[in-house]
Structures are given as structure tokens and as C-alpha cells.
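Here's the structure we're looking at; comments come further down.
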């Protein structure tokens, strides 16, 4: 990708995450990049095309780096409470501190009620991928005789969704990150205590 195209995408993400997609004009994007609006159209035919390119690039980056979308490998010694808590905390740190992911989350929060494409992406990342990953993890833990068998979907939801709520809390109140990390450790420990075989 040309450096101008990348600069356009970066500027658009900055503007979309601050103002929303609908409230951002092509002229604003061109001004932020330092090019004329006509030059912007030589790279992208529309604001929607910019958004589509942003979503594709950032989804690819997220899927490469996120623990939720990678194939999990169960460690040879099995999954421990400490190991699971650390894995969850590493994922939280990644999504809280990666500047592109932070901006995409802000964009999705602003636009999820106005843009069906962004709403679908928000559902995928914040619900479907999270639940699928945790369901797979619960299946592994039950099949490995670490946890008792039960309603696997509910167990996955019980493990996953308090963490999602704490992530949202950190988005609004970043100074509470250390408190959230401590809550995650306690949560995972409590979950294992409740379901340990």
C-alpha cells in the first residue's frame, strides 16, 4: 500500500474514532492528510471505501494478534489457573493499549447503532469470537478432566463476560486497569474453584 493511502487510512481512523463515520467528511480527511480533496478521490472512490479498507486491515491485524482468533494450543502440562488468568490479562492489555484497536473500539461504539456493517463487526469481536473461544477452552478443560461437565455454553459465558464488562470499564476509566487485573485473577480462581473436577 502506498504511503499516501496509509496516511489516508490513519487519518480517517483518527477522525472516525473521534467524530464517528457519519460526522466525518472527505474534506476533513484530506485536510488531515495535507492533500486536496480531489487527490483523496484518486486513492479512494468514497468514504465507504475508506471504511471498508480500514475494517479489512484492522480485522486482519486483530486476528493475527488476538488470542481469541488464534488456534489455541493446550500446554503440555495442561491449563492452570495462573496460566489462564495471565492469558486473559495479556488479551486485555493488548486491546487496551494497541492504539489501532483502541480507535476501532471507539469507532464501533459510536457507529454500532447507525451502521449495520460496524454493528456486525462489533457483535463478532465483542460477543461471537469471545464466546466461541471460551466455549472451546471449556470443552478442552472438560475433556482433559480439569473441570466437571455441565452446560458448556453457560460455563463459557460465566468465564468470558465479566471480563468483557471489565474491559468496558477500563475503556471509560483507564486508571482502574490494575484493579481490573486483580479482579480477573480472582474471577478465574473462583471459576476454577466452582467447576474443578
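Summary of computed values
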read-out	value
Residues being under 11 Å from residue 47 (Cα atoms) and in a helix (DSSP H, G or I) - total across the range 14-27	3
Meets criteria (in a helix (DSSP H, G or I) and either buried (at least 18 other Cβ atoms within 10 Å of the Cβ) or at pLDDT 95 or above (or both)) for residue 92	yes
Residue in the range 123-145 that is part of a loop (DSSP other than H, G, I, E, B), more than 30 Å from residue 53 (Cβ to Cβ) and within 19 Å of the chain's Cα centre (by Cα) present	no
Residue pairs meeting the criteria (Cβ under 6 Å; at least 6 apart or on separate chains; first in the same structural domain as residue 49 (by TED's automatic domain parsing), in the range 114-129; second surrounded by fewer than 19 Cβ atoms within 10 Å (Cβ to Cβ) and modelled with pLDDT of 90 or more)	none
Selection count, the range 138-149, where residues are in contact with a helix residue (DSSP H, G or I) (Cβ under 7 Å, 6 or more places away or on another chain) and in contact (Cβ under 8 Å) with a residue 40 or more places away in the chain	2
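The values are calculated or read from the model by the stated rules, or taken from the named source; none is laboratory data. Nothing here was measured: the structure is a model prediction, and the numbers come from that model. We place every Cβ from the backbone using ideal geometry, glycine too, and count neighbours over all the protein chains shown.
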